[in-house]
Amino acid sequence: MWYSEPFGGRVAVVAVIGGGASGTLATTYLLRAAAAARIPLRIALIDRHGQHGLGQAYATANPAHLLNSPADRMSAVAHDPGHLARWAAANGIKHDGYLPRAAFGRYLRELLADAERMAGPTATVTRITSDVVGLTCNGLQRPLRLHLAANGRIDANAAVLATGSQPPAPPCPLPASPRYVCDPWTPGALLDGVADGSPVVVLGTGLSMLDVAISVTGAHPETVVHAVSRHALLPREHRCPPDRAVQPHILQAPDRGPVDLPGLIRYVRVAAAEAPDGWQAVVDALRPHIPGLWQRLSPPEKRLFLRHVARYWEVHRHRVPPATARRIDLLRSAGRLSVLRGRVIAVSDKPPDLCVRIEQDARVIEVAAGWLINATGPAADVTATTDPLLHGLLESGLARPDSLRLGIEADARGALLNVSGTASDTVFTLGPPLRGQLYETTAIPEIRDQAAALAVRLLAACHAQAAPLAASGMAGSAA
Ligand SMILES: Cc1cc2nc3c(=O)[nH]c(=O)nc-3n(C[C@H](O)[C@H](O)[C@H](O)COP(=O)(O)OP(=O)(O)OC[C@H]3O[C@@H](n4cnc5c(N)ncnc54)[C@H](O)[C@@H]3O)c2cc1C
């Protein structure tokens, strides 16, 4: 299949790969920028699951899956924190400060639709459901060629990798079994069969585990969940209403030069103990400064952080709404959710179940799993990816892994760095793929700001390609 329409002619084409929050916000901001500058543009928004506007996090239909951040921190408009709450009120959506994630998905879709109405016919979007399996430099009028599954292709002037996080990696070799769910956020993963009342073992005890536990126990009255992780740490609960912000004084120091990890940890501990509103205010105030602090840590200290500190930062930084905490407490006190500390060392097939062996200090226990669900979070080594697009980009040297191999590298404005460290003029990224470089880059406030900055850069990239054509008299009509 050749997507010639509406991508024929000489109007610039931007391909956005991934229709989740990152791709949707990048497209929304790009439409607005193109409309404001009256620049004709065609955008191809491509998602393998057809989840345009939703992606992994906001495709859930379960009303008990709530946003983990209060509405005033989830606005898609940077300088208008009340935007989401006003949208919810206008649409009659009741909430206690934490909206259902499905409602947020609707919000994203409506923002995109509004931007489309405003920008058309100058700038338009075509939603395509397909897997992009390769991206190569074309060298013709449009420098990029996207290869779609089933032999389709799209030629584009610029592309945005909005592909989200890598799926979780298995903790040990696993038998091929339909009872193993390798990623709970694959569409339909928690619906097909998992609700048959047999015990569910969840790998990981973070936010995704809590959502899985809520889903599977809600779907069958006898389902019991055993969640296992090395330290059995659960996300903390948000204080409601959110704290007053504090300004950590460490950030008043000049923001250059190295930061030392032990000093930073000491500082956070003392500040948290002294903060009149407690540790939550300190964590929240630090959060926007994390990318800057992260880049000032040395590579060995970053590794040290990942190995020993990240798990504590994560449970304090990614907190659950009070309503979710109450549900989880009820499940635990009813014996329907147990949290196990230990390391999964082997899984074997013992029909009708899987047998999960867990090492706990000096002993090994066995737990029967009717279903085994991997909720351990994004895989930690991007170079081991089996994703054809990412694998091909790394293999060809168009992209390079960050020094921690958590993701790929880009310059400060999102342009992909190739294997020699040169910033691309045509391929950009935002959000989760930049985790190794920025650490805090997966939540809506960061994605929103990156998307807004990227829109300006993308228009400039398209303009730079159009200028030589116009000078040589090759450019055709814009429409
Ligand atoms: C369960 C959950 C809850 C969360 N809750 C919050 C919250 O409350 N607040 C907050 O700020 N953040 C939250 N987050 C963080 C969340 O990661 C971001 O908000 C955001 O959803 C990330 O969006 P994304 O578009 O980068 O990735 P994704 O949502 O993963 O979207 C990427 C899309 O790209 C598609 N794709 C990937 N590769 C290809 C390809 N080669 N070809 C075609 N399509 C492709 C995928 O199918 C997917 O649909 C949550 C995350 C999760 C997982």
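The values are calculated or read from the model by the stated rules, or taken from the named source; none is laboratory data. Quick caveat: nothing in here was measured; it's all calculated off a predicted structure. Counting neighbours? That spans all protein chains shown, and the Cβs are built from the backbone with ideal geometry, glycine included. Note: areas computed on protein heavy atoms with side chains; ligands, DNA, RNA excluded. Shrake-Rupley method; radii C 1.70, N 1.55, O 1.52, S 1.80 Å.
If one takes the longest principal axis of the Cα atoms in the chain, at what angle in degrees, from 0 to 90 and to the nearest 10, does the Cα axis of helix 101-119 lie?
For helix 101-119, the angle is close to 10 degrees.
Suppose R0 equals 56 Å. What FRET efficiency, 1/(1 + (r/R0)^6) with r the Cβ-Cβ distance, do V419 and D329 give to the nearest 0.05?
Details: r = 50 Å, r/R0 = 0.89.
It comes out at approximately 0.65.
Antiparallel DSSP bridges in region 1-157: what percent, to the nearest 5? Spell out each step's value before the answer.
On the way: 10 of 24 bridges.
Of the beta bridges lying entirely in region 1-157, close to 40 percent run antiparallel.
Quick one: angle between helix 261-274 and the longest Cα principal axis of the chain, in degrees between 0 and 90, rounded to 10, please.
The answer is roughly 70 degrees.
How large is Rg over Rh for the chain, taking Rg from the Cα atoms and Rh as the Kirkwood inverse mean of 1/r across Cα pairs?
Numbers: Rg = 23.2 Å, Rh = 23.8 Å.
In the chain, Rg relative to Rh is 0.97.
Over region 260-346, average the accessible area per residue using a 1.4 Å probe and give it in Å², no decimals. Before the final figure, lay out the partial values.
Numbers: 4370 Å² over 87 residues.
Here the residues of region 260-346 average 50 Å² of exposed surface.
Out of all DSSP beta bridges in the chain, what portion is antiparallel? Express it as a percent rounded to 5.
45 percent
Rounded to the nearest 500, what is the chain's calculated 222 nm mean residue ellipticity when only DSSP H runs of at least 4 contribute -39500 (n - 2.57) each, over all residues? Write down the numbers at each step before the final one.
Details: 14 runs with 157 residues, N = 479.
For the chain, the value works out to -10000 deg cm²/dmol.
Would you please give the residues with an amide H less than 5 Å from that of L340, counting only those at least 5 places away or on a separate chain, with H modeled from the backbone geometry?
A227, V228, S229
Quick query: amide H of V125 versus all other amide H atoms, modeled in the peptide plane; which residues come in under 5 Å with a sequence gap of 5 or more or a different chain?
I43
For region 74-216, what is the accessible area per residue in Å², given a 1.4 Å probe and the full set of protein chains? Could you put the intermediate results ahead of the total?
Details: 5920 Å² over 143 residues.
I get 41 Å² per residue for region 74-216.
Net charge near L203: determine it from the other residues with C-beta under 12 Å of the C-beta of L203, scoring Lys and Arg +1 and Asp and Glu -1. Walk me through the numbers on the way to the answer.
Working: positive: R230, R343; negative: D183.
Residues close to L203 contribute a combined charge of +1.
May I ask for the angle, rounded to the nearest 10°, between helix 444-471 and the longest principal axis of the chain, with both axes built from Cα atoms and the value confined to 0 to 90°?
Roughly 20 degrees between the two axes.
Take the solvent-accessible surface of the protein heavy atoms, probe 1.4 Å, and return the percent of it on region 261-317 that carbon and sulfur atoms account for. Show your work: numbers first, answer last.
On the way: 1750 of 2850 Å².
Exposed carbon and sulfur together represent 61 percent of the surface.
With charges set only on the Cβ (+1 for Lys and Arg, -1 for Asp and Glu), what does the dipole of the chain come to about its Cα centre, in debye to the nearest 20?
Values: 47 positive and 40 negative charges, 85 e Å.
Here the size comes out at about 400 debye.
Tell me the volume per residue, in Å³, of the convex hull enclosing the alpha carbons of region 298-393. Spell out each step's value before the answer.
Details: hull volume 18.7 nm³, N = 96.
Looking at region 298-393, the number lands at 195 Å³ per residue.
When only the heavy atoms of the protein chains count and the probe is 1.4 Å, how do H52, H316 rank by accessible area, highest first?
Values: H52 15, H316 45 Å².
I get H316, H52, largest accessible area first.
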